[in-house]
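Following: one structure in structure tokens, then a few remarks.
The values are calculated or read from the model by the stated rules, or taken from the named source; none is laboratory data. Just so it is clear, the model here is predicted, and its values are computed rather than measured. Cβ placement follows ideal geometry from the backbone for every residue including glycine, while neighbour counts extend to all protein chains displayed. When the accessible area is computed, the model is the full protein with side chains, heavy atoms only, and any ligands, DNA or RNA have been set aside. Shrake-Rupley method; radii C 1.70, N 1.55, O 1.52, S 1.80 Å.
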Amino acid sequence: RAGRIAQCASPEDLYRRPADAALARFIGEANLLDGVLAGGTVKTLLGELPVDPAATVPAGQVTVLIRPEQIEIGPNGPGLSASVTSYGYHGHDAVLHVQPEPQDGSPLLIVRIPGGGPPWPPGAAVRLRAAGPVFAWPAE
């Protein structure tokens, strides 16, 4: 970054535990959400999630990294209500963009699912759940 190494780590660590949000986006698709950290868990738009113990961040306002493959999608059940805005099939996987409901400034989320399942057409109502652990940094 600007002629300097931003982080030197294994590919897995760079992907799962990037040094900051900018590096998270550079390494791959990233859902970056606001959250409140307390006692090893973080409250986010997608519910309360465990935080990776490698994230040495103090309690309070944080930015949370949730990779697209950490979000589960279904037609009903528990989770956040959302609607599909786009669906892209790539063979081995599919990438969806979904808008949480209500649309009160909530960010568009990226979801990656296996490609063998049924397509989710734009406009489809879905429920989203996230699987942890997630990584976090102090909010900027």
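Data for the structure
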quantity: Sites N76 and I27 - FRET efficiency at Förster radius 30 Å, r taken between beta-carbons, to 0.05; calculated: 0.35
quantity: Computed FRET value (nearest 0.05) for E69 with Q7, which takes r as the C-beta separation and R₀ as 30 Å; calculated: 0.90
quantity: Probe 1.4 Å, protein heavy atoms only - accessible area per residue of the chain in square angstrom; calculated: 54 Å²
quantity: Per principal axis, descending, Cα span of segment 13-64 in whole Å; calculated: 28, 21, 15
quantity: Approximate spin-label separation S106-A38, in nm, with each point projected 7 Å along Cα-to-Cβ; calculated: 2.1 nm
quantity: Within the accessible area of segment 9-140 (1.4 Å probe), percent carbon and sulfur; calculated: 58 percent
quantity: Förster radius 22 Å - calculated FRET efficiency between T56 and D20 (Cβ-Cβ, nearest 0.05); calculated: 0.95
quantity: Accessible surface, 1.4 Å probe, highest first, among residues D13, D93; calculated: D13, D93
quantity: In order through segment 107-124: 3J(HN,Hα) via Karplus (6.51 cos²θ - 1.76 cosθ + 1.60), integer Hz, x for Gly, Pro; calculated: x, 5, 10, 9, 10, 10, 10, x, x, x, x, x, x, 10, x, x, x, 5
quantity: Rounded to the nearest 10 Å², the accessible area of L96 at probe 1.4 Å; calculated: 0 Å²
